[in-house]
Amino acid sequence: QVQLVESGGGLVQTGGSLRLSCAASGRTFSSYAMGWFRQAPGKVRDFVAAIMWSSGNTYYADSVKGRFAISRDNDKNTVYLQMNSVKPDDTAVYYCAAGRIARIDAARQYDYWGQGTQVTVSS
């Protein structure tokens, strides 16, 4: 049974930092892409960042490029999202996802999802 469990969300001030974690279990993810998406109230789920587990290649949405960094720890089977210089617009529920996909920013192509973790940025 595949499980993705996010943690690390919380309340942070504008300009601050936060690190999200996604612990993956239940299968081998070496051929998978691991993505982070976010969804604010009343909005669609948006792509944030992704990493190819095998190669380590990373991809970012323009809105977070230069501020966020995605990484993975093979030994811990965990993916991280380091969030720096956060803004109120970053407030959302953040979801971790895994999939063998053709398009890295397409949420519908991901097979597995975590339950989400809330990030709130105060102004």
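The values are calculated or read from the model by the stated rules, or taken from the named source; none is laboratory data. Remember, it's a predicted structure, so these values are computed and weren't measured experimentally. In this analysis, Cβ positions are derived from the backbone assuming ideal geometry, glycine residues included, and neighbour counts consider all displayed protein chains. For accessibility, only protein heavy atoms count, side chains too; no ligands or nucleic acids. Shrake-Rupley method; radii C 1.70, N 1.55, O 1.52, S 1.80 Å.
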Requested in this report: Would you mind calculating the gained length between residue 28 and residue 54 on full extension (0.36 nm times residue separation, minus the Cα-Cα distance), in nm to one decimal?
Outcome: 8.3 nm
Query raised in the report: Residue-wise, which Karplus ³J(HN,Hα) couplings in Hz belong to region 109-123, taking 6.51 cos²θ - 1.76 cosθ + 1.60, θ = phi - 60°, and x for glycine or proline?
Result: 8, 7, 8, 10, 9, x, 7, x, 9, 7, 10, 10, 10, 8, 8
Requested in this report: Treat region 1-111 as a sphere of radius equal to its Kirkwood radius over Cα pairs and apply Stokes-Einstein at 10 °C in a medium of 1.306 mPa s; give the translational diffusion coefficient in µm²/s, rounded to a whole number.
Outcome: 113
Query - Neighbourhood charge, 10 Å Cβ-Cβ cut-off, centred on residue 45 and excluding it, Lys, Arg +1 and Asp, Glu -1 - result: +2
Report summary line: From the Cα centre of region 1-50 to that of region 102-123, the distance in Å is 6
Report summary line: Residue-normalised value, i.e. accessible area per residue, for the chain at 1.4 Å probe, in Å², stands at 51
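For residue 61 and residue 19 in the same chain, what is the full-extension length gain: residue separation times 0.36 nm, less their Cα-Cα distance, in nm?
Working: separation 42, 0.36 × 42 = 15.12 nm, distance 1.73 nm.
This chain segment gains 13.4 nm when fully extended.
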Report task. For residue 65, go through the lysines and keep the ones whose alpha-carbon is under 24 Å away, minus same-chain ones fewer than eight residues off. Result -> 43, 87
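Ranked by accessible surface with a 1.4 Å probe, highest first, in what order do 52, 83 come?
Working: 52 50, 83 0 Å².
If we order 52, 83 from most to least accessible, we get 52, 83.
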Report task. Determine the gain in length on full extension of the stretch residue 2-residue 120; use 0.36 nm per residue of separation and subtract their C-alpha separation, reporting nm with one decimal. Result -> 39.7 nm
Report task. Report the net charge of residues surrounding residue 24, where surrounding means a beta-carbon distance below 10 angstrom and charges are Lys +1, Arg +1, Asp -1, Glu -1. Result -> +3
Requested in this report: List the trypsin sites (Lys or Arg not before Pro) within region 1-72 that fall in a DSSP loop (any state other than H, G, I, E or B) and whose Cβ has at most 15 other Cβ atoms within 10 Å.
Outcome: 27, 43, 65, 67
